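The values are calculated or read from the model by the stated rules, or taken from the named source; none is laboratory data. Worth saying up front: this structure is predicted, and the values here are computed from it rather than measured. Neighbour counts run over all protein chains shown; Cβ positions are idealised from the backbone, glycine included.
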Amino acid sequence: MTIERGPAECWLTDMDGVLVHEGQALPGAAEFLARLVERRRRFLVLTNNSIFTPRDLAARLSRSGLQVPEESIWTSALATADFLATQLPGGSAYVIGEAGLTTALYEAGYTLTDTAPDFVVLGETRTYSFEAITRAIRLVDAGARFIATNPDVTGPSPEGPLPATGSVAALITAATGAKPYFVGKPNPMMFRSAMNRIEAHSETTVMIGDRMDTDVVAGIEAGLETFLVLTGSTTAAQVAQFPFRPSRVLDSIADVVDLV
């Protein structure tokens, strides 16, 4: 069935590889954000990174020359907190993660505890503790439901890849037999929660990303128009390897400015 699409009124865009790369703004990113504001388009900047709060990320983007208000940033931590608040309002969780995740859960009304929690919630952290992972394994074995912010197995660092949420989740799964529910991309739930936040409709919303296996596939499954930019993970040659296609393939975010 063909989806009848209206003019794009709302925009979701990935952050790393689309707007910034290694802390530097990519060409066209500032102009794209300015055009969204000029045209009064509703938008959110999305990231699977659960370490930082939206305020932290807004400050980091500002240092790269990009002005994004914190209320226009949607992280996997916020999506996870939103999901848990709908599943079990006022619940409890044992959390492995940093301020981005713990703050989001507190604000969603969750109690953080290591005693008989409803959920074990795994997020990104720069220093995974063997003691914390052991505690998580025992709590999952005792019946806590297992949630993870995103399935990314590695994260970047100046020295090379670091083990990320997906890798640690695999360790807990190997020890317990319990598989986590991943909330972040490529789960389209992250897009749907973002769209609810800005009152967007799939027929008039565009998702811009740099990865076919997360941004584009999740956008397609959420019913969105999808733009792939070639400034991040997926190259033009790799697009044909996937059994699905984005609506458009563009060199960079600079090519999107005139489409807003």
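Scanning the stretch 1-29 for residues that are modelled with pLDDT under 95, under 19 Å from the mean Cα position of the chain (by Cα) and farther than 14 Å from residue 44 by Cα returns 17, 21, 22, 23. If I ask for residues that are in contact with a Lys or Arg (Cβ under 9 Å, 6 or more places away or on another chain) and acidic (Asp, Glu), which ones from the stretch 50-70 would you list? Answer for the stretch 50-70, where residues must be in contact with a Lys or Arg (Cβ under 9 Å, 6 or more places away or on another chain) and acidic (Asp, Glu): just 70. Residue under question is residue 193, and the condition is that it be buried (at least 17 other Cβ atoms within 10 Å of the Cβ) and at pLDDT below 95; does it hold? Against the criterion (buried (at least 17 other Cβ atoms within 10 Å of the Cβ) and at pLDDT below 95), residue 193 qualifies.
Here 172, 133, 96, 137 are screened, and the one residue that is under 16 Å from residue 48 (Cα atoms) and of a type in the set (A, V, I, L, M) is 96.
Within the stretch 129-151, is there a residue that is surrounded by fewer than 24 Cβ atoms within 10 Å (Cβ to Cβ) and within 15 Å of the chain's Cα centre (by Cα)? Yes; the residues of the stretch 129-151 include at least one that is surrounded by fewer than 24 Cβ atoms within 10 Å (Cβ to Cβ) and within 15 Å of the chain's Cα centre (by Cα).
Checking each residue in the stretch 203-260 for being under 20 Å from residue 34 (Cα atoms) and among the β-branched types (Val, Ile, Thr) picks out 204, 205, 206, 208, 229, 231, 253, 256, 257, 260. Scanning the stretch 190-221 for residues that are within 23 Å of residue 87 (Cα to Cα) and in contact with a Lys or Arg (Cβ under 6 Å, 6 or more places away or on another chain) gives 198, 218. When 202, 157 are checked against the criterion of being modelled with pLDDT under 95 and within 23 Å of residue 13 (Cβ to Cβ), a single residue qualifies: 202. Of the residues making up the stretch 97-116, those that are touching a residue at least 24 places away in the same chain (Cβ under 8 Å) and either surrounded by fewer than 22 Cβ atoms within 10 Å (Cβ to Cβ) or among the hydroxyl-bearing types (Ser, Thr, Tyr) (or both) are 98, 99, 103, 107, 108, 109, 110, 114, 116. Of the helices (runs of 4 or more DSSP H) lying entirely inside the stretch 142-260, those containing at least 1 residues that are closer than 30 Å to residue 42 by Cα and in the same structural domain as residue 21 (by TED's automatic domain parsing) are 189-197, 217-221, 236-239. Within the set 5, 55, the sole residue that is closer than 20 Å to residue 222 by Cα and outside the structural domain of residue 250 (by TED's automatic domain parsing) turns out to be 5.
On inspection, residue 132 passes the criterion of being touching a residue at least 12 places away in the same chain (Cβ under 8 Å), outside the structural domain of residue 21 (by TED's automatic domain parsing) and not β-branched (Val, Ile, Thr).
Counting only residues that are of a type in the set (Phe, Trp, Tyr) and not assigned by TED's automatic domain parsing to the domain that holds residue 178, give me the strands (runs of 3 or more DSSP E) lying completely in the stretch 58-123 with at least 1 of them. By residue number, 73-75.
Restricting attention to the stretch 72-96 and to residues that are farther than 24 Å from residue 132 by Cα and out of contact with any helix residue (DSSP H, G or I) (no Cβ under 7 Å at 6 or more places or on another chain), the residue that is surrounded by the most Cβ atoms within 10 Å (Cβ to Cβ) turns out to be 72.
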